[in-house]
Every structure is written in C-alpha cells, then in structure tokens.
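Only one structure is covered here, and it is reproduced in the block below.
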Amino acid sequence: MYDVIVIGCGVTGAAAAYHLARFDVRLAVLEANNDVACGATKANSAIIHAGYDPAPGTLMARLNVEGNAMAGEICEKLDVPFARIGSLVAALHEDQMPLLEELYWRGTANGVPGLRLLRQGEVRAAEPNLAETAAGALYAPSAGVVDPWGFALAMAQTAVRNGAELFLQHPVTAIEPLEAGGFCVTTPRGRFETRYLVNAAGVDADRVHAMLEAPSFEIRPSRGEYYLMDKSEAALVRHVVFQCPGPQGKGVLVSPTVHGNLIVGPNAEDTPDRHDVGSTAAGLAEVREKALLSVPGLRFDRNIRNFSGVRANSDRDDFIIERSERWPAFLDLAGIKSPGLSSAPAIGKLAAEMLAEAGLDLRPRAVFCDERKVIRVKDLSQRALDELIREDARYGRVVCRCESVTEGEIAAALRGPVPATTVNGVKRRCYAGMGRCQGGFCGPRVQAIIARELGIPPEEVLLEQPGSWMVCGEAGRGKGGANDV
C-alpha cells in the first residue's frame, strides 16, 4: 500500500513527485513509456513564459508566474541548463499595438515583474534582425529558456533519490476503489494499491479519469511542428521572439535555446491521434512562412532537425487541477497545455497542498537531498578536466564531436537514479547526438557503449521506444557475393 501514486512522469508528474518526496510518504510513479519526459515534455518550445498571456484570475495565470519564479531556483539546485534571456512580443504592424497594451495590463494584473512596452527604435536596438515593419514590442525580462526534458528528469531523479519508486513501461489500464479506502491501479505488469492517486497522464488524462468516474472533461490534442536550426544561427535573435497571439495560441516563435541552437515554431493543428508526432510538409511550410514575417533573415537551409509535439489541450480554458467530489483522494492534473512547462513547479507544490487538504499526512522528511551535479566536460576548465581524466580516463575520450561529449559522460547517463537505457535516453541526459550531424557520427559508438554498459547484445539496443531497434543483425555475404543488409 503506497501513500501516493502519481500516474505519468512528464514534467507535471515529475514536479508532483519532486514536491511529495520532501515528505515522509511512500510514493510511486507509474510511467507508460520506457523513460521519463517522453511526451510533450520533450517536444515543446522549451520556454519558461513570463505569465502575461493567461487571463487574470485563472489557475494558468497564478501558476505560470509562481512556476516561473520557482524554475530558476530549482534549475540552479539541480544543475539544469536555464537562461533568463527575456522575451519580446512583437507587433509587426501599428494596428497590433493595442493588443500589446492589453497583454501589458494583463501581465501587470498577473504580477509579472518588469514588463515594458517598447517603441520601434527600442525594438530595433534590442533585436536588429526583426522585420522592419515591427512597430513595437512587449518586453518581459523574467522569461527564459530551459532544457525541458532535463528539467523533468532532474526533478524525477531527485524524487527517486529521496525514496520515490519509479515504474517505467507501466501504462495504467484500470483503476478501482478499495472498500477500505484508496485505490487499486492495474498495469500490464502488476497491480498497485494506494491511499491517494494523482492523475498526471498528459494527453491521456481524460482516459485515466474515466477509469474511475464519469467523464468531466475532454482532452483535445493539438500538434505543433518545429525547426531546430544549427548553432551558426543562434545569434540571429537574443530574446525569445513571439508574434502577437491569436485564437490558436502564442503563434510562431523564434528563440535561442540553452544548447546554443535556434528553435522556430510551432504551428497548431488539431489531431485525432494523441500520439502522432510526425512532421508534415504542409505544417513545416506554414511555420516557415509565419516565422519569416517576424525574422526575415532566417536561413532554413541551416535546419538540422524537424520535430513535433502534441499538446494536451482540453475543452476548458484553464488548467484542470481538482479533486474528485466522489473520491476526494483522487486528484486530476489535466489539460496542462502551455504554459504547462513554466507552471510545473507550482503545479507540483499545489498538488501536495491539495492532497494534504484531503487528509494526507505531510510530515517533512528528516533528510531531503535537494541538489544534483552533472559533469559536462565542455564546461570544465583545463585543470578540472585533467583531474577528472586522471580519475577516469573515459572522460578524455570524445564520442560526440559536435557537442564534445565524452565516453565518461555517456557511461554516467547509463547510471544513476533514473538511468538511460536507449540512444535517445542518452541524448536527453548528456546531449550526445544533438549536434549538427544529429548522431550520424556518434550514434553507432553510443549504441556500442550502451550494449557494453548494460550487458546486452548490440541488436537489442533501442533508439527510443520498444521496437525501435538500431540494427536487425549482422550483414553477411549472399550467394551472389553481394552484402546482405
């Protein structure tokens, strides 16, 4: 019998686990995928929004501003790449200026610090490569960029280090109330009993909710597509550059990333398939056309990768954070669309408070380890690197040339509280394969290191989810002398 089970380990579920792990509770996290942060958390704009966009008085407004303030502290403690570079919402024409004024007053009501309305000359000084038609911009200095999957991973690892149990490849198939109170949660790999239950299942949150009681909301997924540009383009803009928002969202943005690239996107397309993260020619063409309106100097021949993510939009205009009236120990964290990444730390804190209101005894843990340090060789001084190599020679062998990632860093990613088991899992932890060649050089070497460290044959190493094998066997010679593939 667990005290709390969290269903889902995207950034929202990870944040809930991170806050709950501070207390003396028996905690488990059930994740459907074979790694954490494999849904919308790994495929988004990677922005910590300031909080001027949500309507005042909503959960989104309050939790965005609170989460923004918390994100910097958490990232510092847990060694997650984060940069508070500020954002600009550009009015590309004079007739859009009233919308900027509306966003300014909305942000002021929400408590966003430091907001300023810039006129044309100030905008050009801040971002010389913006379209010449830009008449003004809303400047929000508290906005930032983050490593989104690293953010979720760090909170999940911290929860596990403090006693939480993480069960990967455990999709929930049924939930039943127990006569004595609490719930029985069924997965293909086992049954779990818990006194309190948190639904953080992302795009499947309405389906999880419906396993226990009548539907009260509906997830209406929306897919957004992106370009990831080479590092040679990173200096094109200095801030997160938004266009004026419309009915479908915040529009196409252009922004530096914490990894030194430039990200462009997304569009917004309703999709019936909650897990369809394919890219389309039409969708990417739309992103390209709209992005050039704000930053006409974008060179899309410098694109190194396209990807898409599915947002957990719902039939409500706000986050769905509420306890069941019938089962007060069941808490939904659903419809966590943008600004969900920014709000996640505050959502996790609120979830713990709401469970306490439902009767969960939250006595602080006697010892809570709330720090983490990640070795990144390219950030070390020469002296520190020399000392590290003397201790472990693997840190002197570069595997990923684009990102200067060493064998030691890859081996470290395969250990720890929530270790990688796949090529993309390694990529998310230490960035091997994130550079210009996108793993074309280092991919086979990463695969070999995974096979060696995990003690499995190379053909069992996966790119990502089950079935995504890197190889299908050895090449041999056929009867005609040609190599079989």
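Taking Rg and Dmax of the Cα atoms in Å as the quantity of interest, determine which of (i) 28.5, 94; (ii) 23.0, 76; (iii) 33.1, 117 was computed from the displayed structure.
(ii)
Charges only on Cβ, +1 for Lys and Arg, -1 for Asp and Glu: so what's the dipole of the chain about the Cα centre, in debye to the nearest 20?
Working: 52 positive and 60 negative charges, 272 e Å.
Taking the Cα centre of the chain as origin, the dipole is about 1300 debye.
Would you calculate, for the chain, the mean residue ellipticity at 222 nm contributed by helices, counting each DSSP H stretch of 4 or more residues as -39,500 (n - 2.57) and dividing by all residues, to the nearest 500?
Numbers: 12 runs with 139 residues, N = 485.
Dividing the helical sum by the residues of the chain leaves -9000 deg cm²/dmol.
Could you report the accessible area of Arg124 in Å², rounded to 10, computed with a 1.4 Å probe on the protein chains as they sit in the structure?
Counting only protein heavy atoms, the figure is 80 Å².
Largest first, what is the accessible-area ranking of Glu289, Glu322, Glu101 with a 1.4 Å probe? Intermediate results must be reported in sequence, preceding the final value.
Numbers: Glu289 130, Glu322 60, Glu101 90 Å².
So, going from the largest accessible area down, we get Glu289, Glu101, Glu322.
Taking a probe of 1.4 Å, how large is the accessible area per residue of the range 12-142, in Å²? Could you put the intermediate results ahead of the total?
Values: 4780 Å² over 131 residues.
That works out to 36 Å² per residue.
Using DSSP to call loops (not H, G, I, E or B), can you name the GluC sites (Glu not before Pro) in the range 111-171 whose Cβ has at most 16 other Cβ atoms within 10 angstrom? Walk me through the numbers before you get to the answer.
Values: sites: Glu122, Glu132, Glu165; in loops: Glu132.
For GluC sites (Glu not before Pro) across the range 111-171 that sit outside H, G, I, E and B with at most 16 neighbouring Cβ atoms in 10 Å, the list reads Glu132.
Determine the dipole magnitude for the range 1-157: charges of +1 sit on the beta-carbon of Lys and Arg, -1 on that of Asp and Glu, nothing else is charged, the reference point is the Cα centre, and the result goes in debye to the nearest 20. Let's see the in-between values first.
Details: 10 positive and 17 negative charges, 44 e Å.
In total the dipole reaches around 220 debye.
List every residue whose amide H lies under 5 Å from the amide H of Asp24, counting only residues 5 or more places away in sequence or on a different chain, with H placed 1.01 Å from N in the peptide plane.
Arg363, Arg365
Out of all DSSP beta bridges in the chain, what portion is antiparallel? Express it as a percent rounded to 5. Provide the component values of the computation, followed by the final result.
On the way: 51 of 70 bridges.
In the chain, approximately 75 percent of DSSP beta bridges are antiparallel ones.
Just for the Cα atoms in the range 113-238, what are the lengths along the principal axes, largest first, rounded to whole Å?
Here the Cα extents, ordered largest to smallest, are 68, 35, 30 Å.
For the range 232-245, what does the Karplus curve 6.51 cos²θ - 1.76 cosθ + 1.60, with θ = phi - 60°, yield as ³J(HN,Hα) per residue in whole Hz, taken in order and with x for Gly and Pro?
Taking θ as phi minus 60°, the curve returns 5, 9, 4, 7, 5, 10, 9, 10, 6, 10, 9, 8, 4, x Hz for the range 232-245.
Given the options Ser308, Gln438, Pro328, identify the residue whose Cα lies farthest towards the positive end of the charge dipole of the range 287-438 (+1 on Cβ of Lys, Arg; -1 on Cβ of Asp, Glu).
Gln438
Once you wrap a convex hull around the alpha carbon atoms of the range 334-411, what is its projected area averaged over all directions, in nm²? Display every interim value, and only then the final one.
On the way: hull surface 37.1 nm².
About 9.3 nm², averaged over all directions.
Can you work out the Karplus-derived ³J(HN,Hα) for every residue in the range 105-117? Use 6.51 cos²θ - 1.76 cosθ + 1.60 with θ = phi - 60°, whole Hz, and x for glycine or proline.
6, 5, x, 4, 5, 7, x, 6, x, x, 4, 9, 9
May I have the pair-distance distribution P(r) for the range 312-467, computed from all Cα-Cα distances with 10 Å bins from 0 and rounded to whole percent?
9, 26, 23, 23, 16, 3, 0
What is the set of long-range amide H partners of Arg305 at a cut-off below 5 Å, with H atoms built 1.01 Å from backbone N?
Here Leu228 satisfy the definition.
For the range 243-297, list log₁₀ I(q)/I(0) at each q in 0.17 Å⁻¹, using the Debye formula over Cα point scatterers of equal strength and ignoring solvent, two decimals each.
Here the Debye-derived log intensity ratios amount to -0.62.
Under unit Cβ charges (Lys, Arg +1; Asp, Glu -1), what dipole magnitude, rounded to 20 debye, does the range 354-451 have relative to its Cα centre?
On the way: 17 positive and 12 negative charges, 75 e Å.
Here the range 354-451 has a charge dipole of around 360 debye.
Structure shown: which of Lys77/Lys373; Lys349/Lys373; Lys42/Lys427; Lys378/Lys427; Lys77/Lys349; Lys373/Lys427 lie over 20 Å apart, alpha-carbon to alpha-carbon?
Values: Lys77/Lys373 8 Å; Lys349/Lys373 23 Å; Lys42/Lys427 11 Å; Lys378/Lys427 15 Å; Lys77/Lys349 17 Å; Lys373/Lys427 18 Å.
Distance filter (> 20 Å) returns Lys349/Lys373.
For the chain, list the cysteines whose Cβ sits under 4.7 Å from no other cysteine Cβ?
Among the cysteines of the chain, those whose Cβ sits 4.7 Å or more from every other are Cys9, Cys38, Cys75, Cys184, Cys244, Cys369, Cys402, Cys430, Cys437, Cys472.
Say R0 is 51 Å: what FRET efficiency, to the nearest 0.05, do Ala180 and Lys77 get from their beta-carbon distance?
Working: r = 39 Å, r/R0 = 0.76.
That gives a FRET efficiency of 0.85.
Tell me which residues come under 5 Å, amide H to amide H, from Ser314 once H is placed; ignore anything under 5 positions away on its chain.
Arg220
Which ³J(HN,Hα) values, rounded to whole Hz and listed in residue order, are derived for the range 405-421 from phi using the Karplus coefficients 6.51, -1.76 and 1.60 in 6.51 cos²θ - 1.76 cosθ + 1.60 with θ = phi - 60°, glycine and proline given as x?
9, 9, 4, x, 5, 5, 4, 5, 5, 8, 10, x, x, 10, x, 6, 10
The values are calculated or read from the model by the stated rules, or taken from the named source; none is laboratory data. None of these values were measured; they are calculated from a predicted model. Neighbour counts run over all protein chains shown; Cβ positions are idealised from the backbone, glycine included. Ligands, DNA and RNA are excluded from the accessible area calculation, which covers all protein heavy atoms including side chains. Shrake-Rupley method; radii C 1.70, N 1.55, O 1.52, S 1.80 Å.
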